[in-house]
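K.L.:
So that we are looking at the same thing, I have put the structure below in structure tokens.
Just so you know, all these numbers are worked out from the coordinates, no wet-lab data involved. The model shown is predicted, which means the values in this text are computed figures rather than measured ones. With ideal geometry, Cβ positions are generated from the backbone for all residues, glycine too; neighbour counts draw on all protein chains shown.
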């Protein structure tokens, strides 16, 4: 069972991303953040709407990028939140320079669907033999440095 991120964790991730990469701190729409954290765990009649970890990560990324809950840094935060979620589930995302930026632009401008984003995450995911759970604060710091 995956460990979903809370509103507080998403806010912390955003704060750390903006601190480390620049931009404006602040929330534009608190209700959008509530929607972002609730959607990956949705189910209908007992069946998950997003049954794989990679689809759940795609939901985090796309919804933060599309809903713009923050004043600045939505693309960076969306990709980082998805990456932290996958790290919490034992996967590390490996990408060459510029690939995270390219993914964020595809989501924002080309309106990539969840399935296409999930495929991107899955093809860039590495599951270390001994995946060690780290507190979200450490995972955010590591993820934000790669952006």
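K.L.:
State, as an integer percentage, the relative contact order of segment 1-83 based on alpha-carbon contacts under 8 Å between residues 6 or more apart. It would help to have the intermediate numbers written out before the result.
P.N.:
Values: 100 pairs, mean separation 29.8, N = 83.
Over segment 1-83, the number comes to 36 percent.
K.L.:
Please tell me the relative contact order of segment 7-146 in percent, rounded to the nearest whole number, where contacts are Cα pairs under 8 Å and at least six residues apart. Before the final figure, lay out the partial values.
P.N.:
Details: 189 pairs, mean separation 40.4, N = 140.
Averaging sequence separation for qualifying contacts and normalising by length gives 29 percent for segment 7-146.
K.L.:
Once you place label points 7 Å from the Cα toward the Cβ at residue 20 and residue 119, how far apart are they in nm?
P.N.:
About 2.9 nm, to one decimal.
K.L.:
Can I ask one more? Of the listed values (1) 7.8; (2) 8.3; (3) 10.1, identify the label whose number matches mean projected area of the Cα convex hull in nm² calculated from this model.
P.N.:
Recomputing mean projected area of the Cα convex hull in nm² here picks out (2).
K.L.:
Moving to a separate point now. Testing the spin-label approximation: label points 7 Å from Cα along Cα→Cβ at residue 3 and residue 96. State their distance in nm.
P.N.:
Those two pseudo-labels are separated by 3.3 nm.
K.L.:
Right, here's the next one. Neighbouring Cβ atoms within 10 Å as the yardstick, rank 3, 62 fewest first. Intermediate results must be reported in sequence, preceding the final value.
P.N.:
Details: 3 11, 62 23.
The most exposed by this proxy come first: 3, 62.
K.L.:
Using only helices, what value at 222 nm comes out for the chain when you add -39,500 (n - 2.57) per DSSP H run of length 4 or more and divide by the total residues, to the nearest 500 deg cm²/dmol? Spell out each step's value before the answer.
P.N.:
Numbers: 7 runs with 86 residues, N = 147.
Result for the chain: -18500 deg cm²/dmol, rounded to the nearest 500.
K.L.:
With a 10 Å cut-off between alpha carbons and a GNM built on the chain, which of 69, 40, 51 moves the most?
P.N.:
51
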